[in-house]
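Chemist: Take a look at this one; I'll ask things after.
Any read-out appearing in this document is the output of simple, stated calculations on the displayed coordinates, not a laboratory observation. Keep in mind that this is a model prediction, so the values were computed, not measured. Glycine also receives a Cβ, built like all others from the backbone with ideal geometry; neighbour counts cover every protein chain displayed.
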Amino acid sequence: MATYWTLGCDASDPDLLARFWSLALGYVAEPGYDDPEGASIVDPDGRGPAIGFLRVPEGKTAKNRVHIDVRVAGEPPWDMADRERLIRTKVAQLVGGGATVVREESYGPHLGHVVMLDPEGNEFCVA
């Protein structure tokens, strides 16, 4: 049996990041979580890990050592045109939610993933 776990994240504005990552992942605020210095989101289906955001005084200073990959296209095999459409649609949604596009990466002639920054500058990918 797998161990339940939570991804813990430092944040300048825990509520902002919780809202952003809820949009990105389809998560919801964790029921009953009430901490003025933090926020927590959970998978409403109970399958994915919780993600906690804790206010810290220092800002981000270097590249993330761990990051989230948002996999909108599911598992292979893929229709590459459909996969690219799904990626671009999600990227546009996340830009509307405060993310920034850094660059696109290709796998040969096809879009592989898009590197982005969340509202506090944390790197992540949409694939």
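Chemist: How many nm is it between the label spots at VAL28 and VAL56, if each spot is 7 Å from the Cα in line with the beta carbon?
Modeler: In this crude spin-label approximation the distance works out to 3.0 nm.
Chemist: Which value in Å does the Kirkwood hydrodynamic radius of region 32-127 take, with 1/r averaged over all unlike C-alpha pairs and then inverted?
Modeler: Result for region 32-127 stands at 15.3 Å.
Chemist: Ignoring the sites themselves, what is the longest stretch of the chain with no chymotrypsin sites (Phe, Trp or Tyr not before Pro) in a DSSP loop and at most 16 other beta-carbon atoms within 10 Å?
Modeler: 79-127
Chemist: Relative to the Cα centre, what is the charge dipole magnitude of region 69-126, using +1 at the beta carbon of each Lys and Arg, -1 at the beta carbon of each Asp and Glu, and rounding to the nearest 20 debye?
Modeler: 160 debye
Chemist: While we're on this one: Would you compute, from DSSP H runs of 4+ residues alone, the mean residue ellipticity of the chain at 222 nm, taking -39500 (n - 2.57) per run and dividing by the full residue count, rounded to the nearest 500?
Modeler: Calculated at 222 nm, the ellipticity per residue is -7500 deg cm²/dmol.
Chemist: Compute the angle between helix 14-25 and the longest alpha-carbon principal axis of the chain, please, reported from 0 to 90 degrees and rounded to the nearest 10.
Modeler: Approximately 30 degrees, to the nearest 10.
Chemist: Antiparallel DSSP bridges in the chain: what percent, to the nearest 5?
Modeler: Close to 70 percent.
Chemist: Helix 80-96: angle to the longest alpha-carbon principal axis of the chain, degrees 0 to 90, nearest 10?
Modeler: 40 degrees
Chemist: Further, regarding this structure: Can you list which of the trypsin sites (Lys or Arg not before Pro) found in region 33-109 are DSSP loop residues with at most 14 other C-beta atoms within 10 Å?
Modeler: Taking region 33-109 and a limit of 14 other Cβ atoms within 10 Å, the loop trypsin sites (Lys or Arg not before Pro) found are ARG47, LYS63, ARG65, ARG71.
Chemist: May I ask you to derive the FRET efficiency for ASP10 and GLU104 from their Cβ-Cβ distance with R0 = 41 Å, giving the value to the nearest 0.05?
Modeler: E(calc), rounded to 0.05, equals 0.90.
Chemist: Another question, if that's okay. Treating only the Cβ atoms of Lys and Arg (+1) and Asp and Glu (-1) as charged, compute the dipole magnitude of region 22-127 about its Cα centre; round to the nearest 20 debye.
Modeler: 340 debye
Chemist: Which ³J(HN,Hα) values in Hz, rounded to whole numbers, follow from the phi angles of region 115-127 under the Karplus curve 6.51 cos²θ - 1.76 cosθ + 1.60, where θ = phi - 60° and Gly and Pro get x?
Modeler: 8, 9, 10, 6, x, 9, x, 7, 6, 7, 10, 10, 9
Chemist: Which net charge results for the neighbourhood of VAL56, defined as the other residues with beta-carbon distances under 13 angstrom from its beta-carbon, given Lys and Arg at +1 and Asp and Glu at -1?
Modeler: Summing Lys/Arg as +1 and Asp/Glu as -1 gives -3.
Chemist: Let me ask something else about it. Which one of GLU58, GLU105, GLU30 has the biggest mean-square fluctuation once the chain is modelled by GNM with Cα springs under 10 Å?
Modeler: GLU58
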